[in-house]
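The next block holds one structure in the form of structure tokens; read it before the comments.
The values are calculated or read from the model by the stated rules, or taken from the named source; none is laboratory data. What you are looking at is a predicted structure, and each value in this text was computed from that prediction instead of being measured. Note that each Cβ is placed from the backbone with ideal geometry, even for glycine, and that neighbours are counted across all protein chains shown.
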Amino acid sequence: MSKSTTTNQERHLPQALVSIGAPVLGCLIGLIIGAFLILLAKADPIGAYQTMLKGAFGGERQITETLLKAGPLLLIALGLTTAFRAKIWNIGAEGQYYMGALFGGLVALYLTDLPRPLLLTLMLLAAIVGGMVWAYVAAFLKVRMGMNEIISTLMLNYIAILLMEYLARGPLQEPGGYLPVSAQFDKVTKLPLLFGTRVHLGVLIAVLLVPVIYTLLWSTPLGFRVRAVGSRASVARYAGVNVEKIIVFVLVLSGGFAGLAGIIEVATLHTRLKGGISQGYGFSAILVALLGRMNPIGVTVAALFFAALIIGAESMHVVYGLPVSLADAIQAVIVLSVLAVDATARRRMDS
């Protein structure tokens, strides 16, 4: 074995340890801090965590609920991972989720005479287009006018949410109804269920997209250009990469994924257009992408972890009377802990 080969292996070993060890250590630290938060709420941390674990994975019904919650988180986070790899910070997945639900919902409301396979296909494609269109607005503002994408995508969230609420109270309101909701979707718009459970096709779509995004980022010239822009845009531009096209691509792709998650969730859970169709998936998916270290495999694990926290928090609420929002606090603490441990480890490696 040559000396250079040995040196490369020595370099890769610490990197691998950091990649695996930082999230694990960060999660442990976050859970310990979360235990103190539970103590402040005058509850037993060990018992609360046991209740949380049982509530998320204690049986077939609990596992099903966790998978259903993980599906939209994973789908949105995969799209955000692509954008974040290019250091394009799309904070607008929530609005793109709403626009995808709106575009797909219009198909579900007005094209029910179509054969079911065609209807479902058009519904999903329309949702992707809706999310893409909304993300393209931010991409246009970024590329053509130099506007910071964090600001533009964040503001577009509120426009999309308020637009949905307006339409549900006005043009799309259920005929003869008094509530701010659209007419209920026809049963044919529901996605097929898998293996006789409540797990639907949308969860499978999210899982199947994991290897697709992994291959895109690490095994294609396009993925190399995305990562090159994220590494240093000026160097990538000098090497011939069209940075503006990459910015548009990653924003539009992430928007399409968020839009797809929107119609999947609405068609399978809410079955009508209205305000409040998201449980903050677009914002939570940002944390999932960061906790998963912007790697599709890590993002899958992070999505399951976050889903377990959310579902388990409901059990803690029932058993211990703890607020469900405590799960949000624990999520944030865990992400901050992982990022802090990762930054510390990398700084020591470089020194």
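Which is farther than 19 Å from T271 by Cβ, modelled with pLDDT of 95 or more and surrounded by 15 or more Cβ atoms within 10 Å (Cβ to Cβ), of A127, A101, A135?
So the residue among A127, A101, A135 that is farther than 19 Å from T271 by Cβ, modelled with pLDDT of 95 or more and surrounded by 15 or more Cβ atoms within 10 Å (Cβ to Cβ) is A135.
State which residue is farthest from F249 (Cα to Cα) when the search covers only region 111-135 and only residues that are of a type outside the set (V, I, T) and free of Cβ contacts under 8 Å to residues at least 40 places away in the same chain. The residue in question is D113. Here V210 meets each of (1) over 19 Å from the mean Cα position of the chain (by Cα); (2) under 30 Å from P117 (Cα atoms); (3) β-branched (V, I, T) with one exception, condition (1).
When K274, K245 are screened for being more than 16 Å from L68 (Cβ to Cβ), modelled with pLDDT of 90 or more and surrounded by fewer than 19 Cβ atoms within 10 Å (Cβ to Cβ), only K245 passes.
Is it the case that region 12-19 has a residue that's over 23 Å from the mean Cα position of the chain (by Cα), surrounded by 10 or more Cβ atoms within 10 Å (Cβ to Cβ), of a type in the set (V, I, T) and modelled with pLDDT under 85? The answer is yes, given that some residue of region 12-19 is over 23 Å from the mean Cα position of the chain (by Cα), surrounded by 10 or more Cβ atoms within 10 Å (Cβ to Cβ), of a type in the set (V, I, T) and modelled with pLDDT under 85.
Restricting attention to region 255-278, which residues are of a type outside the set (A, V, I, L, M), over 12 Å from I76 (Cβ atoms) and out of contact with any Pro (no Cβ under 9 Å at 6 or more places or on another chain)? Reasoning before the result, please.
Of region 255-278, the ones of a type outside the set (A, V, I, L, M) are 255-257, 259, 262, 265, 268, 270-272, 274-276, 278.
Now narrow it down to the ones that are over 12 Å from I76 (Cβ atoms): 268, 270-272, 274-276.
T268, H270, T271, R272, G276 - these are the residues of region 255-278 that are of a type outside the set (A, V, I, L, M), over 12 Å from I76 (Cβ atoms) and out of contact with any Pro (no Cβ under 9 Å at 6 or more places or on another chain).
Quick check on region 283-301. Is at least one of its residues farther than 20 Å from Y136 by Cα, of a type in the set (S, T, Y), buried (at least 23 other Cβ atoms within 10 Å of the Cβ) and assigned by TED's automatic domain parsing to the domain that holds L75? Yes, the conditions are met somewhere in region 283-301. Residues that are surrounded by fewer than 21 Cβ atoms within 10 Å (Cβ to Cβ), in a helix (DSSP H, G or I) and either at pLDDT 85 or above or not acidic (D, E) (or both) within region 316-334 comprise H317, V318, V319, Y320, A329, A332, V333, listed in sequence order. When the helices (runs of 4 or more DSSP H) confined to region 136-253 are screened for residues that are touching a residue at least 24 places away in the same chain (Cβ under 8 Å) and in the same structural domain as N295 (by TED's automatic domain parsing), those reaching at least 2 such residues are found at 149-169, 201-219, 221-231.
The residues on offer are R232, R237, and the sole one that is at pLDDT below 95, farther than 26 Å from G292 by Cβ and not small (G, A, S) is R237.
Would you check if Q279 is polar (S, T, N, Q) and part of a helix (DSSP H, G or I)? Here the answer is no, as Q279 does not meet what is asked. Screening I311, I286 for residues that are touching a residue at least 24 places away in the same chain (Cβ under 8 Å), within 11 Å of the chain's Cα centre (by Cα) and assigned to a helix (DSSP H, G or I) leaves exactly one candidate, I286.
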